[in-house]
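To keep things clear, I will list the structure first and then write my remarks on it.
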Amino acid sequence: MAPTGAGLRYAQSIMTSISEALARTHERISRACAACGRTPEQVGLLAVSKTQPWPVVVEAVAAGQRAFGENYVQEGVDKILHLRAQQPQAMLQWHLIGPLQSNKTREVAEHFDWVHSVDRLKIAQRLSDQRPAGLPPLQVCLQVNISGEASKSGVHPDEVLALARAVNALPRLHLRGLMSIPEPAAGEVARRAPHRALRELRDHLQREEPSLHLDVLSMGMSDDLEAAIAEGATLVRVGTAIFGRRNHVQAQP
Ligand SMILES: *Cc1c(COP(=O)(O)O)cnc(C)c1O
């Protein structure tokens with residue numbers, strides 16, 4: 001039964017707010033690109049739908065969004081299967097951006113299109129071994145601990161080159177670039193510094209190992225996407241600015 005009355009108005013207001021928020025986010029991307037002489041086509045928008053129920057993703061799809069980021073494997077796989085059944089023609093792209101433990105790699109290899117959070121060879125090897133033959137290679141980024149906190153996940157900058165060489169040799173993965181989650185910072189200069197460091201690291205790897213093709217810098221979120229774009233981000237990961245504040249915290253995978 002189609003929703004009526006208050007239910008319909010509620011559904012319509014969610015739809016309007018998501019499509020407006022997506023339009024505002026594209027506006028921000030365009031302005032940030034214009035400010036540094038880049039074009040909006042050079043910056044992809046990943047809508048981070050973690051903790052959002054699947055009908056919210058359906059609304060974002062209706063508003064034209066195709067690439068979604070998820071943090072938790074089981075929640076992500078449930079949503080992928082739901083959306084695939086609901087909208088088989090939509091050609092959605094699913095990115096795992098959260099931490100990945102080795103006992104979850106099979107589900108990820110079988111369902112996701114991208115993984116941004118590869119930070120050790122064992123995980124990469126399992127993903128490559130478990131990627132089904134009928135699917136294209138899994139697109140991966142190496143997550144770098146660019147701010148250097150001991151508590152954060154991500155490979156140390158000094159160890160990225162060796163990991164990149166090893167991952168690049170795995171048959172069922174396609175190494176695309178680097179990802180980072182810097183500490184929140186106030187002010188343009190402090191916000192740009194870790195993004196610049198990630199870009200410089202990418203350039204360094206590319207010079208050291210010309211067989212790499214690192215065309216992706218996954219950096220920038222709701223609060224700092226302008227700073228990330230100014231430093232060369234090619235994929236920004238935006239949750240709050242599109243879907244609003246997340247009002248519950250999901251258990252870790
Ligand atoms: C949650 C999350 C985002 C989105 O953050 P917002 O501040 O809500 O835009 C981006 N990247 C990662 C890895 C995340 O976990």
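Brief remarks on what is shown
- Breaking point among (1) under 23 Å from C36 (Cβ atoms); (2) surrounded by 19 or more Cβ atoms within 10 Å (Cβ to Cβ), for L175: (1)
- Helices (runs of 4 or more DSSP H) (entirely within segment 143-253) containing at least 2 residues that are at pLDDT 95 or above and on the phi > 0 side of the Ramachandran plot: none
- Lone qualifier among A67, A90, A60 - being within 30 Å of A230 (Cα to Cα) and in contact with a helix residue (DSSP H, G or I) (Cβ under 6 Å, 6 or more places away or on another chain): A60
- Qualifying positions in segment 126-152 - farther than 30 Å from E183 by Cβ and among the polar types (S, T, N, Q): S128, Q130
- Residue in segment 25-36 that is outside any helix (DSSP H, G or I) and within 17 Å of the chain's Cα centre (by Cα) present: no
- The residue pairs whose first member lies in segment 61-74 and is modelled with pLDDT of 95 or more and near the ligand (Cβ under 10 Å from one of its atoms), whose second member is among the β-branched types (V, I, T) and not in a loop (DSSP other than H, G, I, E, B), and whose beta carbons are closer than 6 Å, counting only pairs six or more residues apart or on different chains, are G69/V48.
- H213 being more than 14 Å from the ligand (Cβ to nearest atom) and more than 12 Å from the chain's Cα centre (by Cα): yes
- Out of R237, R207, R191, R246, sole residue that is within 16 Å of the ligand (Cβ to nearest atom) and surrounded by fewer than 15 Cβ atoms within 10 Å (Cβ to Cβ): R246
The values are calculated or read from the model by the stated rules, or taken from the named source; none is laboratory data. In this text, all values refer to a predicted model and were calculated from it rather than measured experimentally. Using ideal geometry, Cβ is built from the backbone for each residue, glycine included, and neighbour counts are taken over all protein chains shown.
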